[in-house]
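The next block holds one structure in the form of structure tokens; read it before the comments.
The values are calculated or read from the model by the stated rules, or taken from the named source; none is laboratory data. All figures in this text were calculated on a predicted structure; none of them were measured in a lab. Neighbour counts run over all protein chains shown; Cβ positions are idealised from the backbone, glycine included.
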Ligand code: GDP
Ligand code: MG
């Protein structure tokens, strides 16, 4: 992935010099290639490269980071910025009801997204009302009605003989009568951009004044999705975009370019055919994904909630020196408990695979036992677990009211954690410092 590529390009520079025109050339080449591979709009790619270059030039190469990491950070920040920096939430206004109009080409995922949004809105505590407005495709109305039944969401009883605007207006009344506060209009699509469709959507927009008008576009179509977004935006002044089918082999190019090209934020991504497959779009997480940094940010968020800064610094140092004793293990256990299971946390780090995580099952209920066992050890035993042979195990088990098996189990978890840490230090995780938020 890009993150690894940059890191290896810059390896030679570690710890000395500044980033200059010459020594960042190769790195920028890698970024450029990655952007093209991801199918990023070429104009956007050109701008990004020049911005990254400007920001990187003249920077001191920090002792604590590899130059590669330093450039990765700059690229990451730049990607995040170009996708809009922060998640843009739906804006459904302050009134008693809001509405979302979904527009887009046929097959882009509008109807599916209508169902997904219904589910999402209900989870947000709203009461959605789905409105089938596509009177042209024979089965379109039934498709949304079925989805409504499946998800137990109310759907307006449109019929194919009704005019789209009339459907929307009647639906507003029906929604109010049924106590629903958020209308989701599923409009008709065409195979290609066409003027008749645009004119109709303009009429609907005028007549309905939706709080949000979202373009639903298929991420698999790459730059086409970006161009379509541009055309729809020109006519309808979109409030945002939903990119669907991001679970497929979409390469991220559309996600990277949409905001830069249209000025409109990506608000959601579709990540599956199921109705739970809708995620609020987070620029930072997408940047991290494109760079291949793993789910580092979720990790950082959880770590930030649970770990205090000083404690984490000490831990980091110990991990780096492979000096993580049983005592540290016990102390960290408490922190880890606050963050989620060890396996969850490690699983979020880049470079981790499921195989490595196997056997690292620390039952949350065992925490109390673990603490008791470690408390029953002498300081020397906590420092050097290898000296804990049979007779010591017996003594510890007796002292902590547990069994020798329990002691063995604990030692096994501990040595397994140690092994993983050593692996990290060797390479897998290049710098724990970069993973932790301090
Ligand atoms: P519409 O014509 O715009 O209303 O598109 P539909 O909602 O009918 O979706 C077209 C196809 O795309 C259907 O087979 C959906 O299951 C599929 N689809 C929609 N969103 C997603 C998504 O996020 N991921 C995947 N894998 N498939 C999707
Ligand atoms: Mg449809």
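Please work out which one of (1) away from ligand 2 (no atom under 11 Å from the Cβ); (2) modelled with pLDDT of 95 or more is the condition residue 96 fails and give its number.
(2)
Restrict the check to the stretch 255-268 and report whether at least one residue is in contact with a strand residue (DSSP E or B) (Cβ under 6 Å, 6 or more places away or on another chain), within 16 Å of ligand 2 (Cβ to nearest atom) and in contact (Cβ under 8 Å) with a residue 40 or more places away in the chain.
No.
Residues in the stretch 271-285 that are at pLDDT below 90 and in contact with a strand residue (DSSP E or B) (Cβ under 8 Å, 6 or more places away or on another chain): how many?
Here the count works out to 0.
Report those helices (runs of 4 or more DSSP H) wholly inside the stretch 329-436 carrying at least 3 residues which are at pLDDT 75 or above.
Passing ranges, in order: 367-375, 379-383, 390-400, 404-423.
Need at least 1 residues that are assigned by TED's automatic domain parsing to the domain that holds residue 253 and modelled with pLDDT of 75 or more per element, so show me which helices (runs of 4 or more DSSP H) inside the stretch 1-63 make the cut, counting only ones lying wholly within it.
Hits in the stretch 1-63: none.
Would you say residue 201 is outside any strand (DSSP E or B) and within 16 Å of ligand 1 (Cβ to nearest atom)?
yes
Could you figure out which of (1) more than 16 Å from ligand 1 (Cβ to nearest atom); (2) surrounded by fewer than 18 Cβ atoms within 10 Å (Cβ to Cβ) isn't true of residue 183?
In the conditions (1) more than 16 Å from ligand 1 (Cβ to nearest atom); (2) surrounded by fewer than 18 Cβ atoms within 10 Å (Cβ to Cβ), residue 183 misses (2) alone.
For the stretch 113-144, name all the residues that are over 16 Å from residue 267 (Cα atoms), touching a residue at least 40 places away in the same chain (Cβ under 8 Å) and near ligand 2 (Cβ under 9 Å from one of its atoms).
132, 134, 137, 140, 144
Looking at the stretch 247-270, which of its residues are assigned to a loop (DSSP other than H, G, I, E, B), modelled with pLDDT of 90 or more and surrounded by 19 or more Cβ atoms within 10 Å (Cβ to Cβ)?
Once the filter is applied, which keeps residues that are assigned to a loop (DSSP other than H, G, I, E, B), modelled with pLDDT of 90 or more and surrounded by 19 or more Cβ atoms within 10 Å (Cβ to Cβ), the stretch 247-270 yields 264, 265.
Working only within the stretch 209-245, note down all residues that are in a loop (DSSP other than H, G, I, E, B) and more than 16 Å from ligand 2 (Cβ to nearest atom).
Correct list: 209, 210, 211, 222, 237, 238, 239.
Within the stretch 185-200, count every residue that is in contact with a helix residue (DSSP H, G or I) (Cβ under 9 Å, 6 or more places away or on another chain) and within 14 Å of ligand 2 (Cβ to nearest atom).
Total satisfying the criteria: 6.
Taking residue 288, is it touching a residue at least 40 places away in the same chain (Cβ under 8 Å), assigned to a helix (DSSP H, G or I), more than 16 Å from ligand 2 (Cβ to nearest atom) and not assigned by TED's automatic domain parsing to the domain that holds residue 130?
yes
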